[in-house]
1. For segment 6-179, what relative contact order do you get, as a whole percent, if you take Cα pairs closer than 8 Å and at least 6 residues apart?
2. Straight-line reach only, C-alpha to C-alpha below 13 angstrom: list the aspartates and glutamates that Lys37 could link to, leaving out same-chain residues fewer than 8 apart.
3. Express in nm, to one decimal, how much length is gained between Trp358 and Val59 on full extension, taking 0.36 nm for each residue of separation and deducting their alpha carbon distance.
4. How much length is gained if the chain between Gln185 and Phe152 is pulled fully straight, taking 0.36 nm per residue apart and subtracting their Cα-Cα distance, in nm to one decimal?
5. Looking at the square roots a ≥ b ≥ c of the eigenvalues of the Cα gyration tensor of segment 107-150, which shape do they give, rounded for a/c under 1.5, prolate if a/b is larger than b/c, or oblate?
6. Given R₀ = 45 Å, what would the calculated FRET efficiency be for Tyr379 paired with Ile301, taking r from the Cβ atoms and rounding to 0.05?
7. In segment 1-104, which GluC sites (Glu not before Pro) fall in coil by DSSP and have 14 or fewer other Cβ atoms within 10 Å?
8. So if I place +1 on the C-beta of Lys and Arg and -1 on the C-beta of Asp and Glu, and nothing else carries charge, what would the dipole magnitude of segment 240-337 be about its Cα centre? I want it in debye, nearest 20.
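What follows draws every value from the coordinates through simple rules; no lab data is involved. The structure presented is a predicted model; accordingly, all values stated were derived computationally and were not measured. All Cβ positions, glycine included, derive from the backbone under ideal geometry; neighbour counts span all protein chains shown.
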Amino acid sequence: MLLGRERELQAIDQALAAARLGKSSCLLVRGEPGIGKTALLEHAVSQAGAMRVLAARGVEFEADVPFAGLHDLLHPTLALLDRLPPIHASALRSSLGLGPRIESDRLIIGAAVLGLISSYAEEAPLLITVDDAQWLDRASAEAIGFAARRLFADPVAVLIAVREDEESPLLGAGLLELSLGGLDQASATALLETAAAGKVSVDLAQRMLGATRGNPLALLELGRDAPRASASLHDDLPVATSVERAYLRRADGLSSEARRVLLVMAASGTPDVGLVQRAAAALGLERSDVEQAEAARGLVIERVGSVEFVHPLARAAIYHSASPSDRRAAHRALAEVMTDAEDADRRAWHLSAAATGWDAEAAAALEGAARRARESTGYAAAASAWKESARLTEPSELRAARLFNAAESAWLG
Ligand SMILES: Nc1ncnc2c1ncn2[C@@H]1O[C@H](COP(=O)(O)OP(=O)(O)OP(=O)(O)O)[C@@H](O)[C@H]1O
Ligand SMILES: [Mg+2]
């Protein structure tokens, strides 16, 4: 059952209705991994009724096999090849490996694909779905884009799904786009509770909605662990989602040094380039490593003076994939270079994330943060800083006093 997405469902219903009336339309559904592109395509297929359906999908490791995608898509139509002008038919046969090899240009292949789709649609209205278009081989993507742009008075609805921030000739093809964002708050909460099989506290739901920005796949995966999760902002969410794995693959080509810089960015939690550069230097990393990290396409966006992760899950992916000792080193380096008085609170939390056991320095820094929060009536923040301070405190009397303060602040909040 799809939650939310009223606008998108309506656009799809209209495209199907138009196709049944003999008018074509094409929608490029784009969005981040796990946002619900395939789910929308599946919905369209479920609504197709008496329409015919042609479907293809890109396969990650087949992106270099020319015409693999087109072959999948057109397989059921091949009996109609003879209806095409001979030059089109033989060009397509050659490309799909069904006839002698001949040289032909992209326009001829595109026109042949268009002709074949139109012929196939003469017999019944047609729905075409192309999923994971970012992994289509380039030749197929170009031919499909060419045909999709030129369908007009044909009973055909074309739906193409492509991931955001990845390469595809279809992204620049001038097709009408349906850009998917996160689910609305009510739908996201409902999905979270379905996955958790019960109510989720308001704080935890808020936190998971923030971490996922309403991404349904990530909500489903985090939701399953909701009964065991902590709502505290300073605890890491427990599950690495498969959406994160999709982001992590974008770091594959980077050097290990650049990945360590990304880890510093992820640990810092701020887009402050200066801070990241200083912490990276403290870890012995070079300027060029920082530059490589800043240019990591599909993971971070660089702006003047700042670098931000493209999505909280991209940040989480980098953070989750690092070893605990590398994470601690990143936090320690950040704490070391945060010398401004106004950074004292954040510095305290970095020291705590860098700690391996009892740690008097981190505990004292957290006590400072707790006192400042308490003075400005930030009771919840004071309570978590006191609690963390106590956790790192060895002498039992001091630990008890700090725990008492944590309880008192929690009670006041
Ligand atoms: N609107 C929705 N309501 C409920 N569940 C949804 C919704 N959208 C997506 N889902 C579920 O979320 C999961 C991820 O969706 P989907 O596979 O469609 O994402 P995607 O955008 O195709 O991701 P990818 O880029 O990895 O292919 C699926 O289990 C899907 O059923
Ligand atoms: Mg998909």
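1. Details: 332 pairs, mean separation 67.1, N = 174.
Result for segment 6-179 is 39 percent.
2. Once the sequence-local aspartates and glutamates are set aside, what remains near Lys37 is Glu8, Asp131, Asp132, Glu164, Glu177.
3. Numbers: separation 299, 0.36 × 299 = 107.64 nm, distance 4.96 nm.
Length difference between fully extended and current span is 102.7 nm.
4. Details: separation 33, 0.36 × 33 = 11.88 nm, distance 3.78 nm.
That pair, Gln185 and Phe152, stretches by 8.1 nm at full extension.
5. It comes out oblate by the Cα gyration axes.
6. Values: r = 36 Å, r/R0 = 0.79.
With a Förster radius of 45 Å, E is 0.80.
7. Numbers: sites: Glu6, Glu8, Glu42, Glu60, Glu62, Glu103; in loops: Glu103.
Filter output for segment 1-104: Glu103.
8. Numbers: 13 positive and 12 negative charges, 54 e Å.
So the dipole magnitude of segment 240-337 works out to roughly 260 debye.
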